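K.L.:
Here it is, the structure in full.
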Amino acid sequence: MKKYIILLILFSFQISHASWLTSYEDAQKMALTTNRFIIIDFWATWCGPCLEMDKNVWNDDQLEETLQGFVKLKIDIDANRELASKYGVNGIPNILIIDANGKVVHNVLGYQNVQNLKSEIEKLNLSTEFLSTDLMNYYKAKNFGTTIKIAQKYYDYSLLVDPNVKKKIVNTSRAYLNDYKITLDKKDKDFAKQKQKLDLYKLYDMAYNFEFNKLNKKISEFKIDEIDPINEYSYWFLKYLAVKGTSKTTTEIEENLRNKDLGSVINKADQLYSFYKK
């Protein structure tokens, strides 16, 4: 009888997990090709709350409608200890929403009922088509160029999403930049200019969160004669926004930018500023 019950439980797992992927790599590829975020359910066969969620939450029809917007991935932490460790999973149920390159956008820890879980994840039921090219390029080759481009794309994407999730999207940009920063090698010939670029990009959080007073203070700490030519666009983009956002006249800086053939900075910054004025 006991053996029959165990088999029945395992059979019910197979049914409830049937529409979920169990391969992290397969989920990445599907996310890239279908322009979706990945939702990961970290679980284990011995986890009571996990089993309860399988029975009463994950199979709910209304929740399933929301889940269709995600690539669904089940990870048994006992069978995938390395992946669980990578994401710092110490307690379960642990639900993560990640992008196709594995960057965490949101996480939910502990047992959730249908209403709570739906509320947590439906705001991130978003198409990643806007990011698709740069997500794919980063997936194929993780280097400085692809890192900067996907980080910039996430910053721009943050202007298009619901304000309630904007911070999470901005934080995803930061995750890409931070991951690259720890790989910088002082012996590399491009170390100085790459570090300067990343230091400038730290301030993009302030720019895209419209914290112009803070931005004005921080960008003033950079000396223009020390800015590498490759980083001039980023510097002047931030400087122009800081001036414009603190209600100062931009006439002088606009003339300076046009003389430097950096008129595109004005257009880009004005586009961002227009979202602030909405």
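The values are calculated or read from the model by the stated rules, or taken from the named source; none is laboratory data. Please read these numbers as outputs of a predicted model, since none were measured by experiment. Note that each Cβ is placed from the backbone with ideal geometry, even for glycine, and that neighbours are counted across all protein chains shown.
K.L.:
Quick one: would you say I219 is over 18 Å from Q194 (Cβ atoms), in the same structural domain as F144 (by TED's automatic domain parsing) and of a type in the set (V, I, T)? Break it down into steps so the answer makes sense when it comes.
P.N.:
Working: over 18 Å from Q194 (Cβ atoms): yes; in the same structural domain as F144 (by TED's automatic domain parsing): yes; of a type in the set (V, I, T): yes.
Taking the combined requirement at face value, the residue satisfies it.
K.L.:
Right, next: Might you let me know whether segment 42-49 holds any residue that is over 19 Å from V108 (Cβ atoms) and among the aromatic types (F, W, Y)? So that I can check it myself, show each step before the final result.
P.N.:
Restricting attention to segment 42-49, the residues satisfying the condition of being over 19 Å from V108 (Cβ atoms) are 45-46.
Of the ones still in play, those that are also among the aromatic types (F, W, Y) are 46.
Yes: segment 42-49 contains one or more residues that are over 19 Å from V108 (Cβ atoms) and among the aromatic types (F, W, Y).
K.L.:
Could you check, for segment 93-106, whether at least one of its residues is within 23 Å of Y155 (Cα to Cα) and in a helix (DSSP H, G or I)?
P.N.:
Let us first name the residues in segment 93-106 that are within 23 Å of Y155 (Cα to Cα), namely 96-106.
In the following step, the residues that additionally are in a helix (DSSP H, G or I) were identified as none.
Looking through segment 93-106, none of the residues is within 23 Å of Y155 (Cα to Cα) and in a helix (DSSP H, G or I).
K.L.:
I would also like to ask the following. How many residues, within segment 95-124, are in contact (Cβ under 8 Å) with a residue 60 or more places away in the chain and under 15 Å from T66 (Cα atoms)? Before you say what the answer is, go through the steps one by one.
P.N.:
Initial filter on segment 95-124 (in contact (Cβ under 8 Å) with a residue 60 or more places away in the chain): 97-106, 110-111, 117, 121, 124.
From what is left, the residues that are under 15 Å from T66 (Cα atoms) are 97, 117, 121, 124.
Qualifying residue count, segment 95-124: 4.
K.L.:
Let me ask something additional. State yes or no: is D270 free of Cβ contacts under 8 Å to residues at least 40 places away in the same chain, surrounded by 12 or more Cβ atoms within 10 Å (Cβ to Cβ) and either not in a helix (DSSP H, G or I) or not assigned by TED's automatic domain parsing to the domain that holds T146 (or both)?
P.N.:
Values: free of Cβ contacts under 8 Å to residues at least 40 places away in the same chain: yes; surrounded by 12 or more Cβ atoms within 10 Å (Cβ to Cβ): yes; either not in a helix (DSSP H, G or I) or not assigned by TED's automatic domain parsing to the domain that holds T146 (or both): no.
It is false that D270 is free of Cβ contacts under 8 Å to residues at least 40 places away in the same chain, surrounded by 12 or more Cβ atoms within 10 Å (Cβ to Cβ) and either not in a helix (DSSP H, G or I) or not assigned by TED's automatic domain parsing to the domain that holds T146 (or both).
K.L.:
In segment 157-184, which residues are among the β-branched types (V, I, T), within 20 Å of A31 (Cβ to Cβ) and over 10 Å from the mean Cα position of the chain (by Cα)?
P.N.:
V161, V165
K.L.:
Name the single residue, out of those in segment 202-237 being among the β-branched types (V, I, T) and in contact (Cβ under 8 Å) with a residue 12 or more places away in the chain, that is surrounded by the fewest Cβ atoms within 10 Å (Cβ to Cβ).
P.N.:
Going residue by residue through segment 202-237, those that are among the β-branched types (V, I, T) are 219, 224, 227, 230.
Checking the rest, the ones that are also in contact (Cβ under 8 Å) with a residue 12 or more places away in the chain come to 219, 227, 230.
Values: I219: 21, I227: 18, I230: 12.
Here the answer is I230.
K.L.:
Let me ask something else. What's the number of the only condition in (1) over 26 Å from D60 (Cα atoms); (2) charged (D, E, K, R); (3) in a loop (DSSP other than H, G, I, E, B) that D162 fails to meet?
P.N.:
Result: D162 passes all but (1).
K.L.:
Answer yes or no: is there a residue in segment 145-156 that is charged (D, E, K, R) and within 18 Å of A27 (Cα to Cα). Write out each step before concluding.
P.N.:
As a first pass, look at segment 145-156 and keep what is charged (D, E, K, R): 149, 153, 156.
Filter once more, so that each one left must be within 18 Å of A27 (Cα to Cα): none.
Taking every residue of segment 145-156 in turn, none turns out to be charged (D, E, K, R) and within 18 Å of A27 (Cα to Cα).
K.L.:
Of all the helices (runs of 4 or more DSSP H) wholly in segment 1-83, which have at least 2 residues that are at pLDDT below 95 and over 22 Å from S127 (Cα atoms)? Give the steps one after another, and end with the answer.
P.N.:
Working: elements: 2-16, 24-34, 48-56, 61-67.
Because the criterion is at least 2 residues that are at pLDDT below 95 and over 22 Å from S127 (Cα atoms), the helices (runs of 4 or more DSSP H) in segment 1-83 that meet it are 2-16, 48-56.
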